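Written below as structure tokens is the structure these notes are about.
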Amino acid sequence: MNTTPRRALVTGGSGGIGAAICRRLAFAGHYVYVHANRGIATADALVADIVAAGGHAQSIAFDVTQENATRAALDGVLEAGPIQVLVNNAGIHDDAAFPGMSSEQWHRVIDVSIGGFYHVTQPLLLPMIRTRWGRVLNISSITALIGNRGQTNYAAAKGALNAATKSLSLEVASRGVTVNAIAPGIIASGMANAAFDAARIAELVPMKRAGTADEVAHLVAFLASDEAAYITGQVIAISGGLA
């Protein structure tokens, strides 16, 4: 894959999928900012692993739901130059059946995915546009496409992220910036393993298995590459045929 090394930021980079994305982008030669909120020690350890493997990375901590704190942190990043690969991966679950869902559960999930998308992407976009090359990659979910009981808040957040992806892609397409969303299905992780046993996964997923974080990361790396220059405004499911 032909990729010119660029500066990349992965929000939620200390989590399972986020860490795989950070490793893969660093392997492609990018300088990677590994973002965390409370998991900064995990982000630091990941950075150490990337550097030990010959890559370039540093950790950065801020709460994506806090606009002023996010902007202050990103101002520091921008002092060294524009971010040209942005992966909006930060997101949370806080599941409940809708009749019993609290206002806090609703707003917290929305604030991380949608507020976080705005707070991070907006200040980085003009510097990216000025370079005439950029990739904005939003990590959505298959839940936004097919729904899931107990996740009305999460489906709403990721569905809004998909819609924002399509609209933003139209605004920046002529500037050499692509905007796409990736919608993972059941991906092997501690959370998925607790929610789905092997038999249930085989019942739900045509490929009869869970996906891996590395498979998601490979798709991100392709969409962040020069070869993906004509792909924009898409919501791409990586779900083993689930949707």
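The values are calculated or read from the model by the stated rules, or taken from the named source; none is laboratory data. As the structure is a computational prediction, the values presented were derived from the model and not from experiment. Because the Cβ atoms are built from the backbone with ideal geometry, glycine has one as well, and the counts that use them run over all protein chains shown.
Structure values in brief
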item	result
Qualifying residues in region 47-56 (those that are crowded, with 16+ Cβ neighbours inside 10 Å and touching a Lys or Arg at 6+ places or on another chain (Cβ under 9 Å)) - the one farthest from Gln84 (Cα to Cα)	Ile50
Pairs where the first residue, in region 112-130, is surrounded by 20 or more Cβ atoms within 10 Å (Cβ to Cβ) and the second is among the basic types (Lys, Arg) and at pLDDT 95 or above, C-beta under 7 Å, 6+ apart	Ser113/Lys158
The lone exception for Cys22 - which of (1) on the phi < 0 side of the Ramachandran plot; (2) assigned to a loop (DSSP other than H, G, I, E, B) it fails	(2)
Looking only at region 183-227, and only at residues there that are touching a Leu at 6+ places or on another chain (Cβ under 6 Å) and in a loop (DSSP other than H, G, I, E, B), the one that is modelled with the highest pLDDT	Gly185
Region 72-91, residues that are surrounded by fewer than 16 Cβ atoms within 10 Å (Cβ to Cβ) and farther than 22 Å from Ala224 by Cα	Ala72, Asp75, Gly76, Glu79
Test for Asp94: is it in contact (Cβ under 8 Å) with a residue 24 or more places away in the chain, among the acidic types (Asp, Glu) and either in contact with a helix residue (DSSP H, G or I) (Cβ under 8 Å, 6 or more places away or on another chain) or assigned to a loop (DSSP other than H, G, I, E, B) (or both)	yes
Flag for Gly12 being closer than 19 Å to Pro123 by Cα, touching a helix residue (DSSP H, G or I) at 6+ places or on another chain (Cβ under 7 Å) and not β-branched (Val, Ile, Thr)	yes
Of residues in region 36-55 being of a type in the set (Gly, Ala, Ser) and under 15 Å from Ile17 (Cα atoms), the one nearest to the chain's Cα centre (by Cα)	Ala36
Filter result for the condition that a residue is within 24 Å of Ala8 (Cβ to Cβ) and in a helix (DSSP H, G or I), over Asn162, Asn180	Asn162
Residue count for region 114-144, restricted to those that are more than 16 Å from the chain's Cα centre (by Cα) and part of a loop (DSSP other than H, G, I, E, B)	3
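For (1) without any contact (Cβ under 8 Å) to a residue 60 or more places away in the chain; (2) closer than 26 Å to Asp226 by Cβ; (3) buried (at least 24 other Cβ atoms within 10 Å of the Cβ), each residue gets a yes or a no:
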site: Thr11; (1), (2), (3): no, yes, yes
site: Ser14; (1), (2), (3): yes, no, yes
site: Gly18; (1), (2), (3): no, yes, yes
site: Ile21; (1), (2), (3): no, yes, yes
site: Arg24; (1), (2), (3): no, yes, no
site: Tyr33; (1), (2), (3): yes, yes, yes
site: Ala45; (1), (2), (3): yes, no, no
